[in-house]
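Structure first, commentary second.
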C-alpha cells in the first residue's frame with residue numbers, strides 16, 4: 001500500500017495528517033509509533049478507508065482506495081480495532097463467520113471454502129476448542145484473539161491492528177505479539193499495527209514509522225529509527241539504550 | 001435448542017387458543033362446537049355476526065401486534081438500543097399526525113392515508129437519526145431526541161384536533177369497529193413488511209458489530225440501516241393507520257422474545273411476530289371481556305403492563 005502526500009483534517013483547520021508519504025512493504029511487519037494525538041490512528045483510518053484524504057492519494061496494488069467496492073476491499077485488507085463491544089449471545093464461531101461477509105451474497109449459502117477459512121482462522125488463533133463457546137465467557141486475551149480470527153477469515157493479505165495489546169496484561173500482550181509474528185512468518189501476511197510500547201515495537205517489527213504532529217518523523221529499521229535523540233525530540237523523554245546478544249536492543253525511559 | 005423449539009410450539013398453540021377464545025367470547029356467545037360447525041355453515045346467524053364484527057377485529061389485532069413488535073426489533077437492531085420503539089421515538093405519532101392531516105384537510109384522498117402515515121413516520125425517523133447523530137450513535141441522546149420528536153408530533157396532532165379537525169373516525173386509536181377493508185389494508189402492507197423483515201435477518205445480525213468493524217468486513221452499514229428503517233416505518237405506519245398508536249409493544253415483546261429464543265434475528269424476528277400477535281390479541285380480548293359491557297382499549301392495557309415492565313428493564317440493565 002502506498003500513501004502519497006496525504007493530508008487529512010477532521011475539522012477543516014488543524015491538519016491531523018500533514019502531507020504524509022510512506023509505503024507499506026508486502027510481507028513485512030510495520031509498526032506505527034508516536035505520542036498521543038500524533039496522527040497514528042488517522043493514518044490507520046486513511047488505510048482502512050474510514051477517512052478520505054483531503055489531498056494526496058492512498059493506493060493499494062496501484063489502485064486508488066476509493067475505487068474499491070466495500071467487499072472487494074475487505075478481501076484485500078482486514079483490520080482489528082482497539083475497543084470492541086462484545087455482542088451478547090454470540091458464539092466464537094458465529095463471530096468469526098462474519099469475516100466471510102466479503103465472499104457472501106444474499107442468495108449464496110455458506111460454502112465449503114467458508115467453513116475451511118473459519119476453521120483455519122480458529123486454528124491460527126488457537127481457539128478451535130472454544131468455537132462453540134459464548135463470547136461473554138472468554139478472557140480478555142481470548143476475546144482479542146477472536147477479533148483477530150474474524151479478520152483472518154477475510155483471507156486478506158494485509159492485516160491491520162489498532163493498539164492490539166492495550167488493556168491486556170503482559171502475558172496476553174506477549175502471546176498476541178507472538179501470534180502476530182507467526183502469522184507474518186508462516187502465512188506471509190503483511191502486518192501494520194499501532195503500538196504504544198517502544199520495546200515491543202523494536203522486537204516485533206521489521207519496519208517502524210515514527211510520527212509526531214501529523215508528520216512522519218523517521219521510518220526504517222527499528223535500530224535506525226529509535227535513537228536517543230529521536231525519543232527526546234518526539235516524546236520529550238530522556239532514555240538510555242542498551243544492546244546485548246541475548247536481549248537485542250532495548251530502551252529504558254529515564255526522566256523528562 | 002429444545003427451549004427454542006418449545007417456545008415456538010408454545011406460542012403457536014397459545015395464539016390459536018386465543019383466536020378461538022376471542023372469536024367465541026363476547027356479547028354473542030358460542031360454544032366451541034357451534035363455532036367449529038359454524039365455520040363451514042354460512043346460514044348460522046350468530047356466526048355471520050362473528051364473521052362481520054369479530055373476525056376483522058381479531059385479524060387487525062394479530063397483524064398490528066406482529067407489525068409493531070417486529071418494527072421494535074428492527075429499530076432496536078439499527079439503533080443498537082434496547083429502548084428503541086416506534087411509539088417512543090416518535091415514528092407512530094409522526095404517522096398519526098400525517099394521517100390525521102390528510103383525513104382532515106383532504107378527505108377525498110382518504111385512501112392515501114397509509115402512504116401519508118408512512119411519510120410521517122419516515123420524517124420522524126429521519127429527524128431522530130439526524131438530530132442525534134454526532135460521529136456515531138449515542139444511545140442516550142437518541143432516546144432523548146426521540147422523546148422530543150414524539151412530544152412534538154403528539155402536540156401537533158392535538159393542535160389539529162382542537163382546531164376541530166377531528167371528524168369521527170379520524171383517529172381511531174382502538175381496535176373496535178374494524179371492517180374487512182381494514183383487514184385488507186393491514187394484511188397487505190403488514191405482510192409485505194413482515195416478509196421483508198424476515199429476509200433482512202442477516203443484516204440485523206451484522207449490526208451487533210460496531211459500525212467500523214461492520215464496515216471493515218465490506219458491509220454497507222448505512223445502506224442496511226436505511227433499508228431496515230424503511231421496513232420498520234412501513235410496519236409502524238400501517239399499524240397506526242388501522243389500529244392507532246399502541247405504545248410499549250415494540251419494547252415489551254422483543255425483550256421477552258430474546259429471553260426465550262436468543263439474539264439471532266433468524267429466529268427472533270418470526271418469534272417476535274407470533275408473540276406480538278398473541279399479546280395484542282390477548283390484551284384486546286381481555287379488554288373487551290373482563291369488564292363487559294365496558295371496553296378497555298388494548299393500547300390502555302399495554303400501557304398499564306408496559307409501564308412497570310419498562311421500569312423493570314431500566315433497573316435491570318446497567
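Residue-by-condition table, conditions (1) within 14 Å of chain B (Cβ to nearest Cβ); (2) buried (at least 20 other Cβ atoms within 10 Å of the Cβ):
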residue: A:35; (1), (2): no, no
residue: A:43; (1), (2): no, yes
residue: A:59; (1), (2): no, no
residue: A:62; (1), (2): no, no
residue: A:73; (1), (2): yes, yes
residue: A:82; (1), (2): yes, no
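The single condition from (1) modelled with pLDDT of 90 or more; (2) within 14 Å of chain A (Cβ to nearest Cβ) that residue B:195 fails is (2). If only residues of the range A:99-113 that are within 13 Å of chain B (Cβ to nearest Cβ) and modelled with pLDDT of 85 or more are counted, the one that is surrounded by the fewest Cβ atoms within 10 Å (Cβ to Cβ) is A:103. All conditions but one from (1) more than 12 Å from every other protein chain (Cβ to nearest Cβ); (2) assigned to a helix (DSSP H, G or I) apply to residue A:150; the one that does not is (1). Is there a residue in the range A:91-112 that is farther than 26 Å from residue A:203 by Cα and either touching a residue at least 60 places away in the same chain (Cβ under 8 Å) or part of a strand (DSSP E or B) (or both)? Checking the range A:91-112: at least one residue is farther than 26 Å from residue A:203 by Cα and either touching a residue at least 60 places away in the same chain (Cβ under 8 Å) or part of a strand (DSSP E or B) (or both).
Checking the conditions here, which among A:191, A:202, A:231 is under 17 Å from residue A:32 (Cα atoms) and either out of contact with any strand residue (DSSP E or B) (no Cβ under 8 Å at 6 or more places or on another chain) or not in a helix (DSSP H, G or I) (or both)? Working first, answer last.
Numbers: A:202 fails: either out of contact with any strand residue (DSSP E or B) (no Cβ under 8 Å at 6 or more places or on another chain) or not in a helix (DSSP H, G or I) (or both); A:231 fails: either out of contact with any strand residue (DSSP E or B) (no Cβ under 8 Å at 6 or more places or on another chain) or not in a helix (DSSP H, G or I) (or both).
Result: A:191 is the single residue among A:191, A:202, A:231 that is under 17 Å from residue A:32 (Cα atoms) and either out of contact with any strand residue (DSSP E or B) (no Cβ under 8 Å at 6 or more places or on another chain) or not in a helix (DSSP H, G or I) (or both).
Confirm whether residue A:133 is more than 24 Å from residue A:190 (Cβ to Cβ), at pLDDT below 90 and touching a helix residue (DSSP H, G or I) at 6+ places or on another chain (Cβ under 9 Å). Here the answer is yes, as residue A:133 does meet what is asked. Within the range B:259-266, can one find any residue that is under 30 Å from residue A:90 (Cβ atoms), away from every other protein chain (no Cβ under 14 Å) and at pLDDT 90 or above? No, because not a single residue in the range B:259-266 is under 30 Å from residue A:90 (Cβ atoms), away from every other protein chain (no Cβ under 14 Å) and at pLDDT 90 or above.
When the range A:45-57 is filtered for residues that are over 16 Å from residue A:216 (Cα atoms), under 17 Å from the mean Cα position of the chain (by Cα) and either surrounded by fewer than 19 Cβ atoms within 10 Å (Cβ to Cβ) or within 11 Å of another protein chain (Cβ to nearest Cβ) (or both), the ones remaining, listed by number, are A:48, A:49, A:50.
Name the residues in the range A:199-224 that are more than 22 Å from residue A:16 (Cα to Cα), buried (at least 19 other Cβ atoms within 10 Å of the Cβ) and modelled with pLDDT under 90, would you? If the condition is that a residue be more than 22 Å from residue A:16 (Cα to Cα), buried (at least 19 other Cβ atoms within 10 Å of the Cβ) and modelled with pLDDT under 90, then A:222 is the only one that fits.
Give the residue that is nearest to the other protein chains (Cβ to nearest Cβ), with candidates limited to residues of the range A:20-33 that are loosely packed, with under 15 Cβ neighbours inside 10 Å and not in a loop (DSSP other than H, G, I, E, B). Once the filter is applied, the top-ranked residue is A:23.
On the given criteria, is residue A:122 away from every other protein chain (no Cβ under 12 Å), within 22 Å of the chain's Cα centre (by Cα) and buried (at least 19 other Cβ atoms within 10 Å of the Cβ)?
Spelling it out, residue A:122 is indeed away from every other protein chain (no Cβ under 12 Å), within 22 Å of the chain's Cα centre (by Cα) and buried (at least 19 other Cβ atoms within 10 Å of the Cβ).
Whether any residue in the range B:225-248 is free of Cβ contacts under 8 Å to residues at least 12 places away in the same chain and either in contact with a helix residue (DSSP H, G or I) (Cβ under 7 Å, 6 or more places away or on another chain) or not in a helix (DSSP H, G or I) (or both) is what I want to check. Looking through the range B:225-248, none of the residues is free of Cβ contacts under 8 Å to residues at least 12 places away in the same chain and either in contact with a helix residue (DSSP H, G or I) (Cβ under 7 Å, 6 or more places away or on another chain) or not in a helix (DSSP H, G or I) (or both).
Determine whether residue A:75 is assigned by TED's automatic domain parsing to the domain that holds residue A:183 and closer than 21 Å to residue A:99 by Cα.
Numbers: assigned by TED's automatic domain parsing to the domain that holds residue A:183: yes; closer than 21 Å to residue A:99 by Cα: yes.
The answer is yes for residue A:75.
Residue-by-condition table, conditions (1) surrounded by 18 or more Cβ atoms within 10 Å (Cβ to Cβ); (2) under 25 Å from residue A:42 (Cβ atoms):
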position: A:146; (1), (2): yes, no
position: A:152; (1), (2): yes, no
position: A:167; (1), (2): no, yes
position: A:187; (1), (2): no, no
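The values are calculated or read from the model by the stated rules, or taken from the named source; none is laboratory data. The shown structure was predicted, so the numbers you read here are calculated from the model rather than taken from an experiment. Ideal geometry is used to build each Cβ from the backbone, glycine not excepted, and the neighbour counts take in all protein chains shown.
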